[in-house]
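Notes follow once the structure below has been shown.
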Amino acid sequence: MHLLIPHALSNDETARAPLRALQLPQLQGLLQRLAPQTVLQLPEDSPLAAHEQLLAAARSLDPQAPAWAALRAHELQLPGADTEAWGYLTPVHWEVGQARVSLRDPQELDLSADEARALMAAMAPYFAEDSLTLHYDQPVRWLVSGEPLRGLVSASLERVIGRNVAVWLPASPLLRRLQNEMQMLLYTHAVSDARAERSALAVNSFWLSGCGAQATLPAPAHKLTVLDALVQPALRGDWAAWASAWQALDAQLAPLATALDTGQDVTLTLCSELLARRYTPARRSAWTRLVQRFRPQHPSDILLIP
């Protein structure tokens, strides 16, 4: 049994106060029985978060540049899934500030399927001029296929949300031109007018991620259960909601303790944005067990990275 919890760790000091009010008995009990090991420490400019690299490896994809969109094309049995290069295209809102342009969480758009399909129909001819084909998947996740995407490295949405997009834009003149063209097209589109009337966020650009080619549908390298309840509050920087979500999540760790009791192989992986810490069973001295029993760590000591 292997549980992976994205954004379980934080290096933001403002998370300390909400955590101080919490008790996480399942987590604290597990960490008295498991030994930690840092398995991943990524640089600040990594295009992927730590848990995204681990998920890619679990799905037998290149952890440095996983072709997530190509994998999805195989799952949907789309033509060219095994030969074309693919990418995820996400309709987004770029928020223009005084010193930077930042990307809002696409979930905040609350984009309907009808709106997404209408926008995609308007955008498709422009992409076709550059040998790129759009395919609808979900309102805020489309697929795009075409040779220009082969070898394109683009940061994941999680790495860009709330941040200056200029730092993360791929060095692709074609992509820059398309983004400029779409900004002008979307500004005057009927969907944008209707959304403005109800004070909804405008769809004014797009983001590409998960690009690459995948000749076959790979078999997963190993089974991994992901508990992702902490992702959205962490991306928003809402540490009170993050701590509250941890409280609710704690009960879901009980099966790990049960598995440990029956001698099963157990792994718990806790991630921050750029670090992954793995906990596995390990023999400990009687003195260590005694100290941990009478001086258990507080959640804030476990979950906050110095």
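The values are calculated or read from the model by the stated rules, or taken from the named source; none is laboratory data. On a predicted model such as this, the values are computed, not experimentally measured, just so you know. Note that each Cβ is placed from the backbone with ideal geometry, even for glycine, and that neighbours are counted across all protein chains shown. With ligands, DNA and RNA removed, areas are computed over all heavy atoms of the protein, side chains included. Shrake-Rupley method; radii C 1.70, N 1.55, O 1.52, S 1.80 Å.
The numbered conditions (1) in contact with a Phe, Trp or Tyr (Cβ under 6 Å, 6 or more places away or on another chain); (2) open to solvent by less than 10 Å² (accessible area, probe 1.4 Å); (3) in a strand (DSSP E or B) are all true for Leu134 except (2). Filter the range 152-161 down to the residues that are touching a residue at least 60 places away in the same chain (Cβ under 8 Å) and either among the hydrophobic types (A, V, I, L, M, F, W, C) or out of contact with any strand residue (DSSP E or B) (no Cβ under 6 Å at 6 or more places or on another chain) (or both), then identify the one that is surrounded by the most Cβ atoms within 10 Å (Cβ to Cβ). Top of the filtered list is Leu157.
There is at least one residue in the range 63-77 that is more than 23 Å from Glu158 (Cα to Cα), in contact (Cβ under 8 Å) with a residue 24 or more places away in the chain and in contact with a Leu (Cβ under 7 Å, 6 or more places away or on another chain). Restricting to the range 137-174, give me the number of residues that are outside any loop (DSSP other than H, G, I, E, B) and either touching a helix residue (DSSP H, G or I) at 6+ places or on another chain (Cβ under 8 Å) or over 27 Å from Ala99 (Cα atoms) (or both). Residues meeting the conditions: 14. What do you reckon, is Ala200 part of a helix (DSSP H, G or I) and touching a residue at least 24 places away in the same chain (Cβ under 8 Å)? When the stated conditions are applied, Ala200 does not pass them.
Of the conditions (1) in a helix (DSSP H, G or I); (2) more than 20 Å from Ile302 (Cβ to Cβ), Ala248 clears all except one; give me its number. Going through the list (1) in a helix (DSSP H, G or I); (2) more than 20 Å from Ile302 (Cβ to Cβ), Ala248 breaks only (2).
Scanning the range 103-130 for residues that are surrounded by 16 or more Cβ atoms within 10 Å (Cβ to Cβ) and among the acidic types (Asp, Glu), we see that the one that is nearest to Gln232 (Cα to Cα) is Asp105. Within the range 171-180, is there a residue that is more than 14 Å from Leu89 (Cα to Cα), hydrophobic (A, V, I, L, M, F, W, C) and touching a strand residue (DSSP E or B) at 6+ places or on another chain (Cβ under 8 Å)? For the range 171-180, residues more than 14 Å from Leu89 (Cα to Cα), hydrophobic (A, V, I, L, M, F, W, C) and touching a strand residue (DSSP E or B) at 6+ places or on another chain (Cβ under 8 Å): absent. Could you say whether any residue in the range 65-80 is open to solvent by 20 Å² or more (accessible area, probe 1.4 Å), under 25 Å from Val140 (Cβ atoms), aromatic (Phe, Trp, Tyr) and under 23 Å from the mean Cα position of the chain (by Cα)? Yes: one or more hits. Scanning the range 169-224 for residues that are open to solvent by 60 Å² or more (accessible area, probe 1.4 Å) and under 30 Å from Leu249 (Cβ atoms) yields Ala219, Pro220, Ala221, His222, Lys223.
Given the structure, is Thr90 among the β-branched types (Val, Ile, Thr), open to solvent by less than 60 Å² (accessible area, probe 1.4 Å) and touching a residue at least 60 places away in the same chain (Cβ under 8 Å)? Judged against the criteria, Thr90 is a match. Only residues that are within 18 Å of Leu304 (Cβ to Cβ) and surrounded by fewer than 17 Cβ atoms within 10 Å (Cβ to Cβ) were counted across the range 33-64, and they come to 3. A residue that is assigned to a helix (DSSP H, G or I) and among the small types (Gly, Ala, Ser) occurs nowhere in the range 216-225.
Only residues that are out of contact with any helix residue (DSSP H, G or I) (no Cβ under 6 Å at 6 or more places or on another chain) and under 10 Å from Leu253 (Cα atoms) were counted across the range 7-27, and they come to 1. Just one residue in the set Thr262, Thr267 is free of Cβ contacts under 8 Å to residues at least 40 places away in the same chain and either more than 24 Å from Ala70 (Cα to Cα) or among the aliphatic types (A, V, I, L, M) (or both); that residue is Thr262.
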